[in-house]
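**Student:** Would you mind keeping the following structure in view while I ask a few things?
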Amino acid sequence: MYNINFTKYKYFTLSFSLFLIIAGFVVTFVKYGGFAHSLDFNGGLRTVVELPADKTRNDLEGYFQSKNIEAVVILLEKDKNIYQLDIGLGSLDTIESLYNEIPEVNRESSTSAIDRFVQLLRYEYKLPKEKVLSADQVGAVVGGELTEVGITLLLTTLAIILLYLSIRSQFKFALASAIALVHDILMTLALIGFLQIKPSVPIIAALLTLLGYSINDKIVVFDRIRENSHGKDNLAFSNIINVSISQTLGRTINTSFTTMISVVAIIVGGAVELYDFAFVLLFGVLVGTYSSIYIAAPISEIYDLIRKKRFV
């Protein structure tokens with residue numbers, strides 16, 4: 001078995017991760033002005049319609065692009081050609097202008113943004129009223145509540161994990177795992193912002209799934225470090241870490257690889273609506289594996305060095 005010196009470049013890997021996180025957030029907030037707007041978090045219009053059989057997703061997306069309307073088109077039922085249309089708040093002025101262009105004989109007076117959008121759809125696609133299955137306007141308040149719930153879930157999960165590891169193992173392992181998990185979340189959020197992936201409920205689910213996967217990998221590594229530390233007080237802690245990671249490396253790679261196969265299958269054969277979820281999860285698996293080796297373990301070593309110097 002090869003004993004690789006994983007901790008040799010610990011300060012480089014920690015600095016590199018910090019650089020990537022800062023760079024991702026700088027691009028997100030300086031270039032884009034924040035994360036991408038999404039109906040789930042920022043509010044907007046949501047309509048479900050049954051379109052004629054000759055209309056496709058490409059037709060809808062082409063129409064919205066030509067009119068400069070920010071829209072997400074989701075196919076709900078292929079057999080009945082039923083689509084969910086999510087419209088961002090930034091497109092409300094455009095919808096109002098297009099609504100005003102509808103001949104008066106073909107439109108009804110309305111002050112509601114959702115009613116105007118429905119009438120626009122009915123006019124453009126010659127839809128009877130019964131083909132509009134639902135129409136709702138999601139306010140920013142709802143989006144704010146969803147944001148608060150998402151953040152609360154993530155923080156609660158982190159707190160429970162830290163408490164569990166503190167009881168199960170040594171505090172330095174719990175602390176290192178918690179910091180590494182925060183690293184994983186921040187790195188993934190930086191990617192989401194950098195690529196302007198729209199935040200949504202599935203993205204929150206991907207982040208929570210990432211936490212579960214990542215902590216499992218770190219528990220395996222730290223359990224082996226704890227086992228190898230027994231009766232070896234004279235051996236440098238860095239050597240124990242390197243030996244332990246080398247011993248668990250095969251399992252880590254195999255677990256990550258098989259998980260990625262499942263996620264890639266979603267990307268290749270799944271619905272378009274799951275692409276962002278699968279992509280974020282795929283990136284999270286890679287980051288979680290990387291952090292188990294190059295973030296969590298080195299942090300536990302640094303903590304051990306600081307503690308020993310303090311009590312010498």
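The values are calculated or read from the model by the stated rules, or taken from the named source; none is laboratory data. This is a predicted model, so every value here is computed, not measured. Virtual Cβ from ideal backbone geometry, glycine too; neighbours counted across all protein chains shown. In case anyone asks, the SASA skips ligands and DNA or RNA and just uses the protein heavy atoms, side chains included. Shrake-Rupley method; radii C 1.70, N 1.55, O 1.52, S 1.80 Å.
**Student:** Please give the number of the condition Asn216 fails out of (1) more than 18 Å from Val263 (Cα to Cα); (2) surrounded by fewer than 17 Cβ atoms within 10 Å (Cβ to Cβ).
**Tutor:** In the conditions (1) more than 18 Å from Val263 (Cα to Cα); (2) surrounded by fewer than 17 Cβ atoms within 10 Å (Cβ to Cβ), Asn216 misses (1) alone.
**Student:** Next up: Can you report the number of residues in region 41-56 which are part of a loop (DSSP other than H, G, I, E, B) and within 28 Å of the chain's Cα centre (by Cα)?
**Tutor:** 1
**Student:** While we're here: Looking at Ala36 and the list (1) outside the structural domain of Tyr123 (by the TED database); (2) of a type outside the set (D, E, K, R); (3) touching a Leu at 6+ places or on another chain (Cβ under 6 Å), which single condition is not satisfied?
**Tutor:** (3)
**Student:** Then there is this: Out of (1) farther than 19 Å from Gln137 by Cα; (2) of a type outside the set (Gly, Ala, Ser); (3) modelled with pLDDT of 90 or more, what's the single condition that is false for Leu98?
**Tutor:** (1)
**Student:** Would you confirm, using the coordinates I've provided, whether Gln137 is within 30 Å of Ile302 (Cβ to Cβ), of a type in the set (S, T, N, Q) and open to solvent by 50 Å² or more (accessible area, probe 1.4 Å)?
**Tutor:** no
**Student:** Which condition number in (1) at pLDDT below 90; (2) open to solvent by 20 Å² or more (accessible area, probe 1.4 Å) is the one that Val73 fails?
**Tutor:** Every condition holds for Val73 apart from (2).
**Student:** Moving on to the next point. Would you mind telling me which numbered condition in (1) over 22 Å from Asp86 (Cα atoms); (2) not hydrophobic (A, V, I, L, M, F, W, C); (3) not assigned by the TED database to the domain that holds Ile266 Lys172 fails?
**Tutor:** Every listed condition holds for Lys172 apart from (3).
**Student:** Would you be able to tell me the number of residues in region 89-123 that are under 11 Å from Val49 (Cβ atoms) and open to solvent by 60 Å² or more (accessible area, probe 1.4 Å)?
**Tutor:** 1
**Student:** Farther than 16 Å from Ala113 by Cβ, open to solvent by less than 50 Å² (accessible area, probe 1.4 Å), part of a helix (DSSP H, G or I) and of a type in the set (Asp, Glu), is that true of Asp59?
**Tutor:** no
**Student:** Of the residues Phe64, Phe19, only one is free of Cβ contacts under 8 Å to residues at least 40 places away in the same chain, within 30 Å of Ile293 (Cα to Cα), of a type in the set (A, V, I, L, M, F, W, C) and outside any strand (DSSP E or B); which?
**Tutor:** Phe19
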